[in-house]
Amino acid sequence: MEVLKASFDELPGPAVVVFEDLDQPIVSATFGEIMCTIYQRFGAKGLITSGAGRDLDQVRVLDFPVFTNGTICSHGYSRFPSISVPVTVGGLTINPGDLIHGDCNGITTIPVEIAKDVARTCESYIAAEAIILDYLKGEEVTPQGLGEAQNECRGAIRQLAEGLK
């Protein structure tokens, strides 16, 4: 675990454990209450894994966000063949030092060089999507009206993108 703690300390931001399970099919848990507690105590803020986990109720109590491929009851004996290397989880390649966003919809990476722009434009992007949603909540909905709302939304997003250049 010394190697793990040292790796966390080298990161440019908060540590997130990203664990690619190499077993196919998955045969045991890559995490549970004990592993998540260890990660958390060494400074990790969450876990992303292509593997499965156990003890989900106990992990939830830890307030330690976990993104997993599923659940499994069997214990695992994890071996870390490499640390601080690119891994693939859910079809997404994650590199050491990547900025990661995770919520109830899943995870994605955000290139560090555009992170400020992403944060600055989120509300405008949501407002652009609201054009379509507001139209759909209206009294009369037609295919033509929906098309117009979609075009207006695309225009707002294009304008937003132009403002970033």
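Remarks
- Number of residues in region 66-84 that are under 22 Å from LEU11 (Cβ atoms) and buried (at least 18 other Cβ atoms within 10 Å of the Cβ): the value is 3.
- Any hit, region 125-138, residues being within 30 Å of VAL18 (Cβ to Cβ), of a type in the set (D, E, K, R) and in contact (Cβ under 8 Å) with a residue 40 or more places away in the chain: no
- Among the candidates CYS104, CYS153, CYS122, the residue that is assigned by TED's automatic domain parsing to the domain that holds SER50 and hydrophobic (A, V, I, L, M, F, W, C) is uniquely CYS104.
- Residue in region 63-81 that is more than 17 Å from CYS104 (Cα to Cα), β-branched (Val, Ile, Thr) and out of contact with any Cys (no Cβ under 8 Å at 6 or more places or on another chain) present: yes
- Taking region 34-55 as the range and being surrounded by fewer than 18 Cβ atoms within 10 Å (Cβ to Cβ), over 18 Å from the mean Cα position of the chain (by Cα) and either outside the structural domain of GLY102 (by TED's automatic domain parsing) or not in a loop (DSSP other than H, G, I, E, B) (or both) as the test, the residues that pass are ILE34, THR37, ILE38, ARG41.
- Here THR88 fulfils each of the conditions (1) without any contact (Cβ under 8 Å) to a residue 60 or more places away in the chain; (2) farther than 25 Å from ALA119 by Cβ; (3) hydroxyl-bearing (Ser, Thr, Tyr) apart from (1).
- When restricted to residues that are within 30 Å of ILE114 (Cα to Cα) and either touching a Cys at 6+ places or on another chain (Cβ under 9 Å) or surrounded by 13 or more Cβ atoms within 10 Å (Cβ to Cβ) (or both), region 128-165 contains 13.
- First in region 147-165 and of a type in the set (Val, Ile, Thr), second anywhere and outside any loop (DSSP other than H, G, I, E, B), Cβ under 8 Å, 6 or more apart: ILE157/TYR125; ILE157/ALA128
- Residues located in region 85-126, provided they are surrounded by 10 or more Cβ atoms within 10 Å (Cβ to Cβ), polar (S, T, N, Q) and out of contact with any Leu (no Cβ under 9 Å at 6 or more places or on another chain): THR88, THR93, ASN95
The values are calculated or read from the model by the stated rules, or taken from the named source; none is laboratory data. All figures in this text were calculated on a predicted structure; none of them were measured in a lab. All Cβ positions, glycine included, derive from the backbone under ideal geometry; neighbour counts span all protein chains shown.
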